[in-house]
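One structure below.
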Amino acid sequence: MPSQLNEFFTPAGIHVLSTPSSDLIPVVFLGGICWTAETARNELLRYRPHQAIAFSYRGHGQSAFREGLGIHELKKDLLEVVETMALQKFCLVAYSFSVPVAILFSRAHSDLLKMLVLMDYPAESRERPLSWVSEVQAALPTMDIRTIEGLQQDITQQEFWKDLQGLPFPVLLLHGTQEDSRIAPVHLQKYHQHVDRLLVEKMEGSGHNLWQPDPEAPSRKVLQHLHNIMRPEQSGEFSVPFPDDA
């Protein structure tokens, strides 16, 4: 464990890693469906000197297994971390599968956020076929089979576009430009239709994996916009016209 990271477990057994606190806006990072707190170690360090926090969802990494692995249940894991750490006015960063989790949290707890960052995923969740279980088990043999099966059973097809409406803080969307990006032109249009204060950043040369070819590019983009909202004279300048991003 790098000395720059603090480690603890919430009362319900959620494993959390965090860089030291500071006077700057904290950053809470939610990774993809197979990410854990450990996977996010390097990403947390890239946000210094901001305090950066990552955790493993229930049944992932070192977090205890609990029944219920739907989007609404995973939102409760995020809330538990936020309440345990008494976080307020933070930046929530969500990648891929975690995007709908972050959107639901933002709708329910908008008073806690300064900025929402959504990385290369539409405001939707999608169900996964039974074959997905064996595919994930083969790719990640150390992942608890109960977690894989639970995700396959509990994650259903849902849309969360309306939950983005009226959010009182800026929303930054990062998306890849290669064929495997999860953001299609129709998704960009929907984000513009539903988000009042939207910023869009194309990650040139990246697909769904925004950390290739430049591992520091995602955090660099987030920090640029986070620092902008810390400057009062730039508040309110968050709109990007849709045609430029199509």
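The values are calculated or read from the model by the stated rules, or taken from the named source; none is laboratory data. Being a predicted model, the structure only gives us computed values, none of them experimental. Here Cβ is always computed from backbone atoms with ideal geometry, including for glycine, and neighbour counts include all displayed protein chains. To get the accessible areas, we keep the full protein, side chains included, count just its heavy atoms, and leave off ligands, DNA and RNA. Shrake-Rupley method; radii C 1.70, N 1.55, O 1.52, S 1.80 Å.
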Before we move on, is residue 25 part of a loop (DSSP other than H, G, I, E, B) and within 15 Å of the chain's Cα centre (by Cα)?
no
Sole residue being of a type outside the set (A, V, I, L, M, F, W, C), in a strand (DSSP E or B) and open to solvent by 20 Å² or more (accessible area, probe 1.4 Å), chosen from 202, 162:
202
Going through (1) open to solvent by 60 Å² or more (accessible area, probe 1.4 Å); (2) modelled with pLDDT under 95; (3) part of a loop (DSSP other than H, G, I, E, B) one by one, residue 212 fails only at (2)
Check region 176-191 and report whether any residue there is among the hydrophobic types (A, V, I, L, M, F, W, C), open to solvent by 60 Å² or more (accessible area, probe 1.4 Å) and not in a loop (DSSP other than H, G, I, E, B).
yes
Test set (1) under 19 Å from residue 57 (Cα atoms); (2) in contact (Cβ under 8 Å) with a residue 24 or more places away in the chain; (3) not acidic (Asp, Glu) - residue 142 fails condition number:
(2)
Subset of region 74-123 [more than 21 Å from residue 24 (Cα to Cα), open to solvent by 40 Å² or more (accessible area, probe 1.4 Å) and not hydrophobic (A, V, I, L, M, F, W, C)]
75, 76, 107
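Rundown of residues vs (1) modelled with pLDDT of 95 or more; (2) not acidic (Asp, Glu), yes/no style:
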position	(1), (2)
3	no, yes
7	yes, no
10	yes, yes
13	yes, yes
30	yes, yes
74	yes, yes
When the residues of region 46-73 are narrowed to those that are closer than 26 Å to residue 141 by Cβ and among the aromatic types (Phe, Trp, Tyr), which ends up most open to solvent (accessible area, probe 1.4 Å)?
65
Out of curiosity, is residue 12 among the small types (Gly, Ala, Ser) and in contact with a strand residue (DSSP E or B) (Cβ under 7 Å, 6 or more places away or on another chain)?
no
Hits in region 1-14 - residues which are surrounded by fewer than 22 Cβ atoms within 10 Å (Cβ to Cβ) and closer than 21 Å to residue 80 by Cα:
5, 6, 7, 8, 9, 10, 11, 12, 13
Consider residue 27 carefully, then state whether it is more than 27 Å from residue 139 (Cα to Cα) and either of a type in the set (Asp, Glu) or open to solvent by less than 10 Å² (accessible area, probe 1.4 Å) (or both).
yes
